[in-house]
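Values in this text are rule-based calculations from the coordinates and carry no lab data. Predicted, not measured: the structure shown is a model, and the values here were computed from it. Cβ: placed from backbone, ideal geometry, glycine included. Neighbour counts: every protein chain shown.
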Amino acid sequence: MAILNGVHHVAYRCKNAKETVEWYQKHLDANFILAIAENEVPSTKAPDPYMHIFIDIGGGNILAFFELPTKADMIAPADANTPAWTQHLALKVDSVDTLMKAKAKLEAGGVEVLGPTDHTIFKSIYFFDPSGHRLELAANTATPEMDQALDKVKWDMLNEWDRTKKAPEHARWMHDGSGKVGAH
């Protein structure tokens with residue numbers, strides 16, 4: 001029996017709960033589904049008021065945020081030793097067409113968008129929410145042949161990386177521009 005059964009929710013801090021809800025509704029058509037406010041943290045019993053909001057991002061997945069008015073302002077990035085592009089939340093869209101429509105909507109709303117970026121097995125765009133969280137929208141473009149080829153080499157790639165800390169060449173076809181499995 002597996003221990004895990006999916007993601008219940010993913011939670012981040014936000015600068016302003018109302019602004020966050022409105023931004024996700026306006027730009028990503030995400031539904032605001034729940035607000036919880038407490039003056040004491042249930043798990044630690046610390047006297048620390050917060051607003052905890054929950055946003056439905058589709059597919060039974062929930063994105064949550066905490067507004068913490070008694071804490072110092074948010075400082076990005078959270079880890080100064082980690083590049084800003086690394087820490088992000090990638091959300092699925094159903095097609096490249098939907099991806100491009102989302103990009104147009106975001107840009108029309110004044111949001112700066114990077115991309116689309118072609119990752120061979122998916123295409124994506126990148127942007128920031130009002131609290132400075134980096135978001136990615138991704139549309140899968142992989143073929144079954146690509147998925148099978150990547151699955152076949154995943155352990156070899158991981159083991160080589162662990163030894164050398166250099167990018168293995170097992171799936172070079174993803175980055176050589178050909179997109180053809182086995183191409184060098």
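The longest stretch of the chain left intact once loop-based GluC sites (Glu not before Pro) with at most 14 other Cβ atoms within 10 Å are removed from consideration, loops following DSSP, is 41-111.
Within segment 1-45, list the trypsin sites (Lys or Arg not before Pro) lying in a DSSP loop whose Cβ has at most 12 other Cβ atoms in a 10 Å radius. For trypsin sites (Lys or Arg not before Pro) across segment 1-45 that sit outside H, G, I, E and B with at most 12 neighbouring Cβ atoms in 10 Å, the list reads K45. Largest GNM mean-square fluctuation across P69, P130, P144, computed for the chain with C-alpha springs under 10 Å, falls on P144. Pairs exceeding 20 Å between alpha-carbon atoms, taken from K26/K92; K101/K123; K15/K101: K15/K101. Return the label of the correct value of P(r) over Cα pairs in 10 Å bins from 0, in percent, as calculated from the structure shown, out of (1) 10, 39, 35, 13, 3, 0; (2) 9, 31, 30, 12, 7, 6, 4, 1; (3) 8, 26, 32, 22, 10, 1. Of the listed options (1) 10, 39, 35, 13, 3, 0; (2) 9, 31, 30, 12, 7, 6, 4, 1; (3) 8, 26, 32, 22, 10, 1, (3) comes from this structure. Applying 1/(1 + (r/R0)^6) with r as the Cβ-Cβ distance of D156 and L114 and R0 = 45 angstrom yields a FRET efficiency of 0.90.
Legend: helices of the chain (whole DSSP H runs) are marked when their alpha-carbon atoms reach 24 angstrom or more along the helix axis and their mean Kyte-Doolittle hydropathy is at least -0.5; nothing is marked.
Counting only aspartates and glutamates at least 8 places from K180 when in the same chain, those with an alpha carbon closer than 15 Å to its own are D118, E145, D147, E169. Label positions at D29 and M1, each projected 7 Å from the Cα along the C-beta direction, are separated by 3.9 nm. The per residue volume of the convex hull around the alpha-carbon atoms of segment 13-57 is 75 Å³. Across the chain, the mean sequence separation of Cα contacts (distance under 8 Å, 6 or more residues apart), normalised by length, yields a relative contact order of 16 percent.
Evaluate the charge dipole of the chain about its Cα centre and quote only its size in Debye, nearest 20, assuming +1 on the Cβ of each Lys and Arg and -1 on the Cβ of each Asp and Glu.
Details: 19 positive and 25 negative charges, 43 e Å.
For this selection, approximately 200 debye.
Listed by chain and number, the aspartates and glutamates whose C-alpha is less than 16 Å from the C-alpha of K166, apart from same-chain residues fewer than 8 away, are D156. Segment 108-168 and segment 11-55 have Cα centres lying 28 Å from one another.
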